[in-house]
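Notes follow the structure.
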Amino acid sequence: MKLLKNIFLVLNLITALSLAGCTVQQISEKNKTERSLFAMNTYMTFTSYGENSEIALQEAADFVKKVEALWSVTDKNSEIYRANHNYGQPVTISKETEDLVSYALEMAERTNGVLEPTLYPVLTAWGFTTGSKQVPKKEEIAVLLQNVDYRRIELAGKELTVPNEMQLDMGAVAKGYTADLITQLLREHGVDSAILSLGGNIQAIGSRPDGTDWRIGIRAPWEDGNLGVLEISDAAVVTSGGYENYFEDENGNIYWHILDPVTGRPANSGLESVTVIGSEGRLCDALSTALFIMGAEEAGNYWRENGGFDMLLVTNENEIILTEGIADRFTLGDGREETVQVLES
Amino acid sequence: MKKKWPFIVVGVLLLFGMIGSFLVQRHPDTNLVEIVQDGQVLHRLDLTQTENQTIEVEYDGRVNTVEIKNHQIHMLEAECPDKTCVNMGWLNSAAPIVCLPNHLVIQFTDIPENIDAAVQ
């Protein structure tokens, strides 16, 4: 009899607990606020949970518009545009722009120029910025490459000097950098559970309202579906891949928008996509591009030498290379045939 | 104990309760999608109920053609320089199909349970 009683007690508890899960979900859905906007040449969606979400997301959206107006490489009134079109004369910039440019130059230095914020004229020659994509002639690329060198950019306090014929473009770091600033803003409003997508750059604040990790789908390169799911909290996740923006010529050759700064041609290092995971969106954004260009071996070396982030590489031989920090957090999709290799430090 | 039936009744009720509580929690992935332009929902459809069809949407004189086929949705054609939206294939997981120049978005109204966001 006692055994039966205990069994009933346990079963009761299980029932009660499983129903309790229902209520938690309802409560969290009530405090969920969403906001979407077109900015920085992309589509952004912000989802926040908790009391001050409404006002926090409003401020976040306003902030994005504000910095977009400062950093846009195409907006004639932006600080970056003015610096690019001042014939090598200095331009006075805001603190926000100073911080961003400083960071971009620092990352260029740390990646030995693999991340090149002055590659814009070459990107333009390929038509990725104008919409009319084409393969430029070798000679044209060679001439343009003469004006690609981040070391010639001068940043002295609030004075930015872009030498004549050069163009600075913050495209590779701006979204990640903005994500970090918005995260700060949200936290200041007491938000401790939110998930932001800035054109596919993901930034997670805290965990889901129920305390579990956010589940982030990683797109399979060149396909519709997901490669698998990454479970994270309090982290940024940024992916770079050729499939994001590419064109095909008459012969079926594929050219994508991630260019190797040394050759001025699409980087072809054997990787289909690079996903970088870390606590800061700016780092993940900067590295996702750089590591894609570097290729698996060099990316592995960079990781071992620098640390401070985790990564998931997809090679053109259907291999997934994961760093040990996220090995437990990634689940390969059902029925997928990629092999998974874990990198250890 | 002389009378056993109260325990049997309670036991059966409990059993129903337990089964019920588990059933309540299983909700299927929804197939509701929205076609949104400049923040305005133009169309809301349940893919499971929709027949194969195409929907044309215009922005500034440029046309996007959305296709629903075999209960899936995608951008069939787009009058925009990039065609990024067309290359995104069939709508899946939490990543919307976006045509930036034409401010058009195709997305699930409810993100499928198993994914919170998709990194692209």
* To do: Hey, can you tell me all the residues within region A:225-250 that are assigned to a strand (DSSP E or B), free of Cβ contacts under 8 Å to residues at least 60 places away in the same chain and more than 9 Å from chain B (Cβ to nearest Cβ)?
  => A:S240, A:E248
* Close pairs (8 angstrom Cβ cut-off, 6 or more residues apart or separate chains): within 13 Å of A:L168 (Cβ to Cβ) in region A:95-106, surrounded by fewer than 17 Cβ atoms within 10 Å (Cβ to Cβ) anywhere -> A:E98/A:G157; A:E98/A:K158
* **Residue that is farthest from A:R282 (Cα to Cα), among those in region A:302-335 that are part of a helix (DSSP H, G or I) and open to solvent by less than 70 Å² (accessible area, probe 1.4 Å)** => A:A327
* To do: Answer yes or no as to whether B:L104 is closer than 26 Å to A:W126 by Cβ and either buried (at least 22 other Cβ atoms within 10 Å of the Cβ) or aromatic (F, W, Y) (or both).
  => yes
* Asked: What residue, of A:Y87, A:Y103, is on the phi > 0 side of the Ramachandran plot and not assigned by TED's automatic domain parsing to the domain that holds A:P261?
  -> A:Y87
* Hey, can you tell me all the residues within region A:213-242 that are in contact with a helix residue (DSSP H, G or I) (Cβ under 7 Å, 6 or more places away or on another chain) and of a type in the set (S, T, Y)? => A:T239, A:S240
* Asked: Where in region B:53-120 are the strands (runs of 3 or more DSSP E), entirely inside, with at least 3 residues that are more than 8 Å from chain A (Cβ to nearest Cβ) and among the charged types (D, E, K, R)?
  -> B:62-69
* **In region A:203-224, the residues that are within 20 Å of A:W256 (Cα to Cα), open to solvent by 10 Å² or more (accessible area, probe 1.4 Å) and either outside any strand (DSSP E or B) or more than 7 Å from chain B (Cβ to nearest Cβ) (or both)** => A:P221, A:W222, A:E223, A:D224
* Any idea how many residues of region A:153-202 are open to solvent by 10 Å² or more (accessible area, probe 1.4 Å), among the hydroxyl-bearing types (S, T, Y) and part of a helix (DSSP H, G or I)? -> 2
* Can you confirm whether region A:282-293 contains a residue that is open to solvent by 70 Å² or more (accessible area, probe 1.4 Å), under 30 Å from A:Q146 (Cα atoms) and in contact (Cβ under 8 Å) with a residue 60 or more places away in the chain? => no
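The values are calculated or read from the model by the stated rules, or taken from the named source; none is laboratory data. Here the structure is a predicted model, which is why all the values come from computation and not from measurement. Counting neighbours? That spans all protein chains shown, and the Cβs are built from the backbone with ideal geometry, glycine included. Note: areas computed on protein heavy atoms with side chains; ligands, DNA, RNA excluded. Shrake-Rupley method; radii C 1.70, N 1.55, O 1.52, S 1.80 Å.
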